[in-house]
Amino acid sequence: MGRKCSHFVDVLVIGAGPAGSSAARAAASGGLHVLMVEKRPTVGLPVQCAEYVPAQIVDCVPVPERCVARRIRTMRTHLPDGQVVETPAAGYMLDRAMFDKALVVAACQAGAELWTAAQAVAVSQSENLVQVRRNGVLEDVEYRVLIGADGPRSLVGKCIGQVNTGLVHAVQVEVILRERQPARTEVYFTPACRGGYGWLFPKEHTANVGVGVNLAMGGNPHQALKHLWEQLNLGEAAIVGHTAGLIPVGGMVDRLRVGNVLLVGDAAGFTHPITGAGIFAAVVGGTLAGQTVVRALKSGNMDLLGEYEKEWSAFMGGPLNHALSKRRYRDAHWSDDPDTLSNVIRETWVAFPGYTARDTKHIARRN
């Protein structure tokens, strides 16, 4: 980059979402000098998430009571042919902005440093440098290990040749409910939500109503949301928030580690290819990455960074690859016929026994 380095850290984390802050907390807890760089001026905002997490997340990270908007007990799945199935799905509706802030606070309390309104604009792996624009000034940050937690279209991932494929476009509104809803999430499959689904996830007095669709399959997120709105008979319901974003559903990138650079969270393709859920995987993956970096730098053996990919694959590789095979099967057999689509969903959605089947015709092999 031809600039004098103005900062040096052991670990530079790009992105302060759940993955980045979890990695930063783990690395800082191990005594490393950690810097988190977050392009948004306010951590957690705008929220780009349906905000549901499974109950087992508490095994990996504390969820403060102030971050819980609603406890959820079940999930109800609505099929195009009219069948409705309710299944156990214990979890939490989060106040996602507050949850993200709680994770960042925990990382900073462990010793990590945070820059907000600071955007990484260039990465030089050969020089171990990242150029960051902060307060209108370009600053160079030199690192020993770089962790990319910068979302579906990760700059860090692009710089090491690891790019997400298969993106679902999601749009969501938060609406004021006429009455308090049961403690369950509602999932809607319709031909209008091509390659995805719609949802109503209740909080106390509001609900997140949204859709995710695959543009490559002809999906139109705004038309799909309009269709769901009409299906739910929301009429003139008051909208108190809008959000939109990308969800990587094409599976993990080929390499989670290239040299002294690691990818976590959406940047690594950790989102579940069928459900689109990513918070739990982000927290777990970020924590594993941070712990691995501590072992590598403390021992002086950078080859230990390779353990991160092995540990993650052992923990979540099987379930995510299975989900990817189901998504590929579902996308290939998507239909505008309600009965045909319903049968496909019964084979590929997590609420049905068909999801666990490992019929060889469904298996999508990675190159």
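The values are calculated or read from the model by the stated rules, or taken from the named source; none is laboratory data. It should be emphasised that the depicted structure is a prediction, and the values quoted were computed from it without experimental measurement. Ideal geometry is used to build each Cβ from the backbone, glycine not excepted, and the neighbour counts take in all protein chains shown. In case anyone asks, the SASA skips ligands and DNA or RNA and just uses the protein heavy atoms, side chains included. Shrake-Rupley method; radii C 1.70, N 1.55, O 1.52, S 1.80 Å.
Count the net charge of all other residues whose Cβ sits under 15 Å from the Cβ of Gly285, scoring Lys and Arg as +1 and Asp and Glu as -1.
Working: positive: Arg25, Arg255, Arg257, Lys310; negative: Asp59, Asp150, Asp266, Glu307, Glu309, Glu311.
That sum, taken over residues with Cβ under 15 Å, equals -2.
In sequence order, what are the phi-derived ³J(HN,Hα) couplings for segment 131-148 according to the Karplus relation 6.51 cos²θ - 1.76 cosθ + 1.60 with θ = phi - 60°, rounded to whole Hz, with x for glycine and proline?
Once θ is set to phi - 60°, the couplings for segment 131-148 become 8, 10, 8, 9, 6, x, 10, 8, 10, 9, 10, 9, 10, 8, 9, 10, 10, x Hz.
Give, as a single signed number, the net charge of other residues whose beta carbon lies under 9 Å from the beta carbon of Thr77, with Lys and Arg counted +1 and Asp and Glu -1.
Computed value for this residue: -1.
Divide, for segment 30-92, the radius of gyration over alpha carbons by 2.2 N^0.38 Å, where N is the residue count. Write down the numbers at each step before the final one.
On the way: Rg = 17.3 Å, N = 63, 2.2 N^0.38 = 10.6 Å.
Rounded to two decimals, the normalised Rg is 1.63.
Between Met217 and Val240, what is 0.36 nm times their sequence separation minus the Cα-Cα distance? Round to one decimal in nm. Could the numbers behind the result be given before it?
Working: separation 23, 0.36 × 23 = 8.28 nm, distance 3.03 nm.
Fully extending the segment from Met217 to Val240 adds 5.3 nm.
If one takes the longest principal axis of the Cα atoms in the chain, at what angle in degrees, from 0 to 90 and to the nearest 10, does the Cα axis of helix 318-332 lie?
50 degrees
With a point put 7 Å past each Cα toward its Cβ, work out how far Val58 is from Gln109 in nm, to one decimal.
1.7 nm
For the chain, modelled as a Gaussian network with Cα springs under 10 Å, which listed residue fluctuates most, Gly31, Gly91, Gly276?
Its mean-square fluctuation being the largest, the pick is Gly31.
By accessible area of protein heavy atoms, probe 1.4 Å, what ranking do Asp150, Asp100, Asp254 get, highest first? Walk me through the numbers on the way to the answer.
Details: Asp150 40, Asp100 5, Asp254 110 Å².
These residues rank, largest area first, as Asp254, Asp150, Asp100.
Over the chain, with a Gaussian network built from C-alpha contacts below 10 Å, which listed residue (Pro41, Pro248, Pro202) shows the highest mean-square fluctuation?
Of the options given, Pro41 has the highest mean-square fluctuation.
What is the spin-label model distance, in nm, from Arg255 to Phe8 if the labels are put 7 Å beyond Cα along the C-beta direction?
Result: 2.7 nm between the two label points.
Find the accessible area per residue for segment 55-122; the probe is 1.4 Å, ligands and nucleic acids are left out, and the unit is Å².
I get 47 Å² per residue for this part.
Would you mind checking which residues have amide H under 5 Å from Glu139's amide H? H placed 1.01 Å from N; only 5 or more apart, or other chain.
Residues meeting the amide H criterion: Val132, Arg133, Arg134.
Which residues among segment 24-40 fall inside the zone where the amide N is under 15 Å from a point 7 Å beyond the Cα of Ala117, along Cα→Cβ?
Under 15 Å, as judged by backbone N against the label point of Ala117, lie 38-40 of segment 24-40.
Give me the one-decimal Kirkwood hydrodynamic radius in Å for segment 214-367, with the sum taken over alpha-carbon pairs. Display every interim value, and only then the final one.
On the way: mean 1/r = 0.0557 Å⁻¹.
When all Cα pairs of segment 214-367 are included, the Kirkwood radius is 18.0 Å.
Remind me, what semi-axes does the chain give for its equivalent ellipsoid, largest first in whole Å, using sqrt of 5 times each Cα gyration tensor eigenvalue?
Working: eigenvalues 257, 102, 68 Å².
Whole-Å semi-axes of the equivalent ellipsoid: 36, 23, 18.
Stretched out fully, how many nm does the piece from Lys158 to Arg133 gain, at 0.36 nm a residue minus the Cα gap? Can you show the working numbers first?
Values: separation 25, 0.36 × 25 = 9.00 nm, distance 1.85 nm.
Computed gain between Lys158 and Arg133 is 7.2 nm.
Tell me the relative contact order for segment 170-278 as a rounded percent, counting alpha carbon contacts under 8 Å between residues six or more apart. If you can, show how the numbers build up before the last one.
On the way: 192 pairs, mean separation 28.3, N = 109.
In percent, rounded to a whole number, it is 26.
What does the convex hull of the Cα atoms come to per residue for segment 297-360, in Å³? Walk me through the numbers before you get to the answer.
Details: hull volume 7.3 nm³, N = 64.
Output value, Cα hull per residue: 115 Å³.
Most mobile of His272, His227, His322 per a Gaussian network model of the chain (Cα springs, under 10 Å)?
His227
How do Arg184, Arg327 stack up against each other in accessible area, from largest to smallest, with a 1.4 angstrom probe?
Descending order: Arg184, Arg327.
Any chance you could give the angle, 0 to 90 degrees and rounded to 10, that helix 18-29 forms with the longest Cα principal axis of the chain?
The answer is roughly 30 degrees.
Please list the non-local residues whose amide H lies under 5 Å from the amide H of Thr190, H modeled 1.01 Å from N, same-chain partners needing a gap of 5 or more.
Under 5 Å from the amide H of Thr190 lie the amide H atoms of Gly198, each far enough along the sequence or on another chain.
Can you give me the relative contact order of segment 63-110 as a percent, contacts being Cα pairs under 8 Å and 6 or more apart?
The value is 41 percent.
Return the aspartates and glutamates within reach of Lys39: Cα separation strictly under 17 angstrom, same-chain partners fewer than 8 residues apart disregarded; answer none if there are no such residues.
Asp100, Glu113, Glu139, Asp140, Asp150, Asp266
How large is ³J(HN,Hα), in whole Hz, for each residue of segment 58-66 in order, when computed from phi with the Karplus curve 6.51 cos²θ - 1.76 cosθ + 1.60 and θ = phi - 60°, using x for Gly and Pro?
Each residue's phi maps through the Karplus curve to give 5, 6, 10, 8, x, 10, x, 4, 5 Hz.
When all protein chains stay in place, what accessible area (Å², nearest 10, 1.4 Å probe) is found for Thr190?
That residue has around 10 Å² of solvent-accessible surface.
Roughly speaking, what is the centre-to-centre gap between segment 41-69 and segment 79-125 when only Cα atoms are used, to the nearest Å?
When both Cα centres are located, 6 Å separates them.
Roughly how many Å² is the accessible area per residue of segment 131-268, as a whole number, for a 1.4 Å probe? Mind showing how you got there, number by number?
Details: 5700 Å² over 138 residues.
Per residue, segment 131-268 has 41 Å² of solvent-accessible surface.
Tilt of helix 338-348 relative to the longest C-alpha principal axis of the chain, in degrees (0 to 90, nearest 10)?
40 degrees
At a probe size of 1.4 Å, how large is the accessible area of Ile72, to the nearest 10 Å²?
Its heavy atoms expose roughly 10 Å² to the probe.
So what is the diffusion coefficient of segment 6-123 in µm² per second by Stokes-Einstein at 10 °C and 1.306 mPa s, using a Kirkwood Rh over Cα pairs? If you can, show how the numbers build up before the last one.
On the way: Rh = 15.8 Å.
Rounded, D is 100 µm²/s.
Which GluC sites (Glu not before Pro) in segment 234-328 pass both tests, a DSSP loop state and at most 12 other beta-carbon atoms within 10 Å? Display every interim value, and only then the final one.
On the way: sites: Glu236, Glu307, Glu309, Glu311; in loops: Glu236.
Answer in residue order: Glu236.
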